[in-house]
There are 2 protein chains.
Amino acid sequence: MTIKKQIREMAKKAREASYKLANLSSRIKDQALLDMAEELTKAAAQLKKANAEDVKLARQKSLSAAMIDRLTLTDQVIQTMAAGLREIAALPDPVGQIVKMWKRPNGLLVGKMRIPLGVIGIIYESRPNVTADAAALCLKAGNAVILRGGSEAINSNLAIADVLQRVIQKHGLPEAAIQVIPIVSRQAIEEMLNLEEFIDLIIPRGGEDLIRFVTAHSKIPVIKHYKGVCHVFVDASADINMAQEICYNAKVQRPGVCNAMETMLVHRAIAPQFLPPMAQKFTQAGVELRGCPETKKILPAIKPADEEDWGKEYLDLILAVRIVDSLDEAIQHIIRYGSAHTEAIVTQDYAHAQRFLQEVPSSTVLVNASTRFSDGFQLGLGAEIGISTTKLHAFGPMGVEELTTTKFIVYGSGQIRQ
Amino acid sequence: MTIKKQIREMAKKAREASYKLANLSSRIKDQALLDMAEELTKAAAQLKKANAEDVKLARQKSLSAAMIDRLTLTDQVIQTMAAGLREIAALPDPVGQIVKMWKRPNGLLVGKMRIPLGVIGIIYESRPNVTADAAALCLKAGNAVILRGGSEAINSNLAIADVLQRVIQKHGLPEAAIQVIPIVSRQAIEEMLNLEEFIDLIIPRGGEDLIRFVTAHSKIPVIKHYKGVCHVFVDASADINMAQEICYNAKVQRPGVCNAMETMLVHRAIAPQFLPPMAQKFTQAGVELRGCPETKKILPAIKPADEEDWGKEYLDLILAVRIVDSLDEAIQHIIRYGSAHTEAIVTQDYAHAQRFLQEVPSSTVLVNASTRFSDGFQLGLGAEIGISTTKLHAFGPMGVEELTTTKFIVYGSGQIRQ
């Protein structure tokens with residue numbers, strides 16, 4: 001069978017499975033999810049064995065240490081994966097929820113009901129635990145899923161899928177509810193991206209190159225996460241202690257993630273008191289500061305920031321610092337250089353807090369809290385399939401509800417149109 | 001300036017305008033909309049003059065009578081256009097609405113706030129009134145809009161845009177809030193579809209060819225309306241009178257639209273009583289019936305339906321009729337041949353009504369009401385920018401709320417992540 005035909009067959013089966021999945025009871029889905037957690041834990045030895053092959057090949061190909069780290073399945077990673085599935089099982093089922101309902105003058109009762117999206121394609125890179133997480137979230141929301149992991153994790157992904165498949169069959173769910181594409185060639189992705197009649201959504205999880213490739217080739221809607229260039233604006237009226245704690249947390253607690261702060265904007269009026277002790281804390285934590293000319297007047301020892309530093313996603317212990325004259329200038333900077341991901345203001349000024357929340361067009365906007373809260377679990381969505389930096393369908397952290405859509409349901413009593 | 005550069009400039013200006021539009025007060029937007037209604041009415045003579053050029057060219061090119069009819073601006077069409085703008089002004093402003101809000105254990109107050117999508121591109125065919133309707137809906141939801149109408153309506157569209165532009169300037173709104181692409185070449189569309197950094201959504205309104213072209217070429221998310229193959233299922237327990245009225249209304253009241261019935265499914269148990277009088281009513285209305293072999297046993301005079309009739313969008317006084325043995329068979333038929341647009345059941349059976357609503361995966365599902373209610377205005381959305389037959393972002397009739405997205409807003413008091 002050609003790759004084209006094989007992918008088409010998988011997608012077609014997924015579409016058929018999706019009609020059955022849409023009408024499963026919550027109880028059946030949750031039991032299967034709990035059982036998957038159980039079986040993954042039991043299969044730890046087998047999973048680690050398959051993973052060892054991937055790791056061996058990765059070493060032969062001299063992949064980076066960071067990449068090998070992401071690739072490696074330890075007992076700890078397997079436990080976390082199982083715990084994640086149990087948490088997803090415990091979430092409320094979004095399918096069938098009535099989002100709102102209203103009555104029309106002619107007596108029609110009109111409602112919007114949550115239904116699954118249908119078939120979701122997930123294209124991801126090295127981490128094999130995504131296989132279980134993504135499959136579980138899709139199943140919870142009543143969707144069939146087609147997973148296409150990185151070639152470097154193929155043995156691990158197939159081993160995980162094998163465990164999930166056994167549970168699916170045991171519980172009588174449609175076999176094509178969860179499928180892993182066993183083909184390493186990139187052609188498999190291209191074929192998948194053409195099948196708009198069978199697949200409703202593509203979620204690429206990985207670097208910017210992968211996402212741009214998927215966007216350029218897909219006829220199917222794509223939800224994208226390009227990058228997180230997050231800003232914290234320390235306003236003139238900020239509580240200096242609070243501002244220090246928030247900025248430190250936003251930069252240092254986990255610098256390699258998308259919701260870490262990359263640029264700190266400081267109001268001119270507070271800069272002389274705020275910056276020197278803040279810089280000291282950052283320097284002690286190993287953070288390299290790069291400042292605008294005004295910042296350099298207060299902190300002469302730091303590197304100068306050049307135009308390229310604004311809007312840069314370092315994902316590292318580096319921070320760009322800029323002094324601004326006003327809230328407006330801070331918002332303008334964020335619009336010009338930001339990535340519409342996450343921004344925070346630290347302020348004691350009520351009107352500034354409200355204006356920042358209203359006017360900053362990013363997916364998560366916070367007052368007096370760390371940017372690190374921009375995360376599905378932290379915001380209370382329960383679990384996260386990803387973060388969207390584009391506005392259609394979902395903007396910001398996406399939970400299980402974002403894997404559904406709504407249809408109109410109408411209760412009539414014989415109404416016709418005049 | 002090359003076409004590429006010109007379109008890019010327009011899109012960039014639209015993006016800049018969108019930041020201002022997002023923060024306009026409802027009052028200013030509504031005043032501008034009311035004034036547009038006023039000015040369009042006053043400019044009737046000028047609009048009809050521009051339109052006459054388009055109609056003349058259309059006649060020279062021997063376009064069909066139906067197309068020329070859609071193209072023609074009469075006083076009546078201009079009045080309807082103005083009335084539409086007044087209705088849009090009267091709708092509640094979706095921007096800034098808090099969809100929901102909740103408190104986290106750490107005290108963070110998290111909300112989802114409606115914000116505009118940003119910049120919307122609308123690509124449409126002959127009807128010039130779309131220029132005003134679409135521009136008004138986008139403005140109401142705080143979006144900048146780039147309109148690209150059919151080449152055959154270019155003079156009419158530019159004349160309408162000219163009126164809208166004058167009002168925009170008079171009210172101090174950003175000039176690039178509403179722009180009409182003055183270029184007839186298809187290259188203009190292709191350039192537009194590449195500009196994902198400036199445009200957030202493309203809505204094509206027109207035939208299937210246009211929509212497929214846009215989907216294949218766009219890097220920007222597209223909301224699609226392919227077709228409406230709507231079904232009515234007359235269940236065994238249906239009230240025969242009600243079923244006749246609903247089916248007649250769904251087929252005959254306006255056969256050329258996407259929410260008209262194209263296939264009627266009839267339960268075997270009710271077919272002998274229901275079909276003969278129904279067929280008589282249809283025949284009197286000039287409807288051509290095409291039946292399955294079982295239907296032909298009851299109505300021997302009608303044409304046979306062949307496989308191609310199932311799933312066919314006639315948009316005409318033609319109806320396919322099929323007898324089914326059960327609710328399940330009806331749902332299976334709809335899934336197999338339908339277009340996920342609109343389906344209705346006529347029944348007195350409570351459980352069947354509930355199952356049909358739950359299990360039919362179409363964007364609008366009705367019990368005991370005509371499919372013709374699948375329309376933004378009829379369902380109570382106030383006005384309609386289009387109907388989506390794909391599931392992402394919006395599914396079914398789209399009102400002004402569907403031209404927005406949501407962002408997370410977070411009220412904190414110094415929270416940091418542990």
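Couple of notes before you dig in:
- Only residues that are closer than 14 Å to B:Ala45 by Cα and either touching a residue at least 40 places away in the same chain (Cβ under 8 Å) or among the hydrophobic types (A, V, I, L, M, F, W, C) (or both) were counted in the range B:69-84, giving 3.
- Residue count, the range A:367-382 (criterion: closer than 16 Å to A:His225 by Cα and surrounded by fewer than 24 Cβ atoms within 10 Å (Cβ to Cβ)): 2
- Residue within the range B:123-130 that is assigned by TED's automatic domain parsing to the domain that holds B:Asn51, surrounded by fewer than 24 Cβ atoms within 10 Å (Cβ to Cβ) and part of a strand (DSSP E or B) present: yes
- Summed over the range A:206-216, the residues that are closer than 30 Å to A:Ile331 by Cβ and either outside any loop (DSSP other than H, G, I, E, B) or within 14 Å of chain B (Cβ to nearest Cβ) (or both) give a count of 4.
- For the range A:364-418, the set of residues classified as aromatic (Phe, Trp, Tyr), more than 7 Å from every other protein chain (Cβ to nearest Cβ) and assigned to a strand (DSSP E or B) is empty.
- Top-ranked residue of the range B:230-280 - restricted to ones that are polar (S, T, N, Q) and within 10 Å of B:Val346 (Cα to Cα), ranked as nearest to the other protein chains (Cβ to nearest Cβ): B:Gln244
- Identity of the residue in the range A:71-97, among the small types (Gly, Ala, Ser) and more than 30 Å from B:Asn368 (Cβ to Cβ), that ends up farthest from the other protein chains (Cβ to nearest Cβ): A:Ala82
- Restricting A:Ala351, A:Ala383, A:Ala369 to those that are touching a Ser or Thr at 6+ places or on another chain (Cβ under 9 Å) and of a type outside the set (Lys, Arg) reduces the list to A:Ala369.
- In the set (1) more than 7 Å from chain B (Cβ to nearest Cβ); (2) in contact (Cβ under 8 Å) with a residue 60 or more places away in the chain; (3) in contact with a Leu (Cβ under 6 Å, 6 or more places away or on another chain), A:Arg322 fails one condition alone, (2).
- Filtered residues of the range B:131-146 (kept if surrounded by fewer than 24 Cβ atoms within 10 Å (Cβ to Cβ) and either outside any helix (DSSP H, G or I) or of a type outside the set (Asp, Glu) (or both)): B:Ala134
- Residue ID - farthest from the other protein chains (Cβ to nearest Cβ), chosen from residues in the range A:98-114 that are under 21 Å from A:Thr405 (Cα atoms) and in contact with a helix residue (DSSP H, G or I) (Cβ under 8 Å, 6 or more places away or on another chain): A:Arg114
- The listed residue being away from chain B (no Cβ under 11 Å), in contact with a Ser or Thr (Cβ under 6 Å, 6 or more places away or on another chain) and either in contact (Cβ under 8 Å) with a residue 12 or more places away in the chain or among the aromatic types (Phe, Trp, Tyr) (or both), out of A:Lys219, A:Lys170, A:Lys227: A:Lys227
For every residue, the table says whether it meets (1) farther than 28 Å from A:Ala22 by Cα; (2) loosely packed, with under 15 Cβ neighbours inside 10 Å.
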{"site": "A:Ala52", "(1), (2)": "yes, yes"}
{"site": "A:Val55", "(1), (2)": "yes, no"}
{"site": "A:Ser64", "(1), (2)": "yes, yes"}
{"site": "A:Gln76", "(1), (2)": "yes, yes"}
{"site": "A:Met81", "(1), (2)": "no, no"}
{"site": "A:Gly84", "(1), (2)": "no, no"}
{"site": "A:Ala90", "(1), (2)": "no, yes"}
{"site": "A:Met101", "(1), (2)": "no, yes"}
{"site": "A:Leu108", "(1), (2)": "no, no"}
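- Failed item in (1) touching a Gly at 6+ places or on another chain (Cβ under 7 Å); (2) on the phi < 0 side of the Ramachandran plot, with B:Pro276 passing the rest: (1)
- Single condition B:Ile199 does not satisfy, out of (1) within 14 Å of another protein chain (Cβ to nearest Cβ); (2) outside any loop (DSSP other than H, G, I, E, B); (3) among the aliphatic types (A, V, I, L, M): (2)
- Yes/no for B:Val119 being under 27 Å from B:Ser218 (Cα atoms), within 14 Å of chain A (Cβ to nearest Cβ) and surrounded by 16 or more Cβ atoms within 10 Å (Cβ to Cβ): yes
- A:Ala216 being assigned by TED's automatic domain parsing to the domain that holds A:Asp328, out of contact with any helix residue (DSSP H, G or I) (no Cβ under 7 Å at 6 or more places or on another chain) and aliphatic (A, V, I, L, M): no
- Considering B:Ile331, B:Ile345, B:Ile385, the condition of being at pLDDT below 95 and buried (at least 22 other Cβ atoms within 10 Å of the Cβ) is satisfied by B:Ile385 alone.
- Index of the failed condition, B:Lys297 passing every other in (1) farther than 15 Å from B:Ala236 by Cβ; (2) touching a residue at least 24 places away in the same chain (Cβ under 8 Å): (2)
- If you filter the range B:354-366 down to residues that are surrounded by fewer than 22 Cβ atoms within 10 Å (Cβ to Cβ) and of a type outside the set (D, E, K, R), you find that the one that is nearest to A:Arg417 (Cα to Cα) is B:Leu357.
- Qualifying residue in the range B:126-134 (condition: out of contact with any Pro (no Cβ under 6 Å at 6 or more places or on another chain), within 14 Å of chain A (Cβ to nearest Cβ) and touching a residue at least 60 places away in the same chain (Cβ under 8 Å)): no
The values are calculated or read from the model by the stated rules, or taken from the named source; none is laboratory data. Quantities reported herein were computed from a predicted structural model and do not represent experimental measurements. Please note: Cβ atoms are built from the backbone with ideal geometry, for glycine as well, and neighbour counts cover all protein chains shown.
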